[in-house]
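Take a look at the structure set out below.
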Amino acid sequence: MHRLETGIKRFMLVLGGLGVVVIYGGFFYLLFSGRSTAPINWYYLLSPWLCVFFGLSKEQQHRVLQWFLNKFKGKK
């Protein structure tokens, strides 16, 4: 079961990375070409980052959450 979980996490990490490249590439293409970015909802821009987050190990996920909490609390 551990091997399956590791494989799925790695797949989600790769899929999320590719999603960031494709979705943000399309977003910036539309933005810089002067076309409307209205059809791209905020959750489309957020979704690949969720795949990346859930593709990380538990320790890495914990560190990311701590980093966000520290960012919003104003700590360094």
Extension reserve of the GLN60-HIS2 stretch, reckoned as 0.36 nm per residue once the Cα distance is removed: 19.2 nm
Whole-angstrom gap from segment 44-76 to segment 1-38, using each part's C-alpha centre: 16 Å
FRET efficiency for LEU50 and LEU30, using Cβ-Cβ distance with R0 set to 30 Å, rounded to 0.05: 0.85
Among GLY34, GLY26, GLY16, residue whose mean-square fluctuation peaks in a GNM of the chain (springs only between Cα atoms under 10 Å): GLY34
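Report the calculated FRET efficiency for PHE72 and TYR43 (r = Cβ-Cβ distance, R0 = 22 Å), to the nearest 0.05.
The computed FRET efficiency comes out at 0.65.
Hey, can you find the accessible area per residue of the chain for me, probe 1.4 Å, expressed in square angstrom? Walk me through the numbers before you get to the answer.
On the way: 6380 Å² over 76 residues.
Solvent-accessible surface per residue comes out at 84 Å².
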Read-out percent of Cα pairs over 19 Å apart, derived from the coordinates shown; its label in [x] 51; [y] 27; [z] 44: [x]
DSSP-assigned coil residues among trypsin sites (Lys or Arg not before Pro) in segment 42-75, each with at most 15 further Cβ atoms within 10 Å: LYS75
Carbon/sulfur fraction of accessible area - the chain, other protein chains in place, 1.4 Å, %: 70 percent
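The values are calculated or read from the model by the stated rules, or taken from the named source; none is laboratory data. Values in this document were obtained by computation on a predicted structure and should not be read as measured data. In this analysis, Cβ positions are derived from the backbone assuming ideal geometry, glycine residues included, and neighbour counts consider all displayed protein chains. Please note that ligands, DNA and RNA were not included when accessible areas were found on the heavy atoms of the full protein model with its side chains. Shrake-Rupley method; radii C 1.70, N 1.55, O 1.52, S 1.80 Å.
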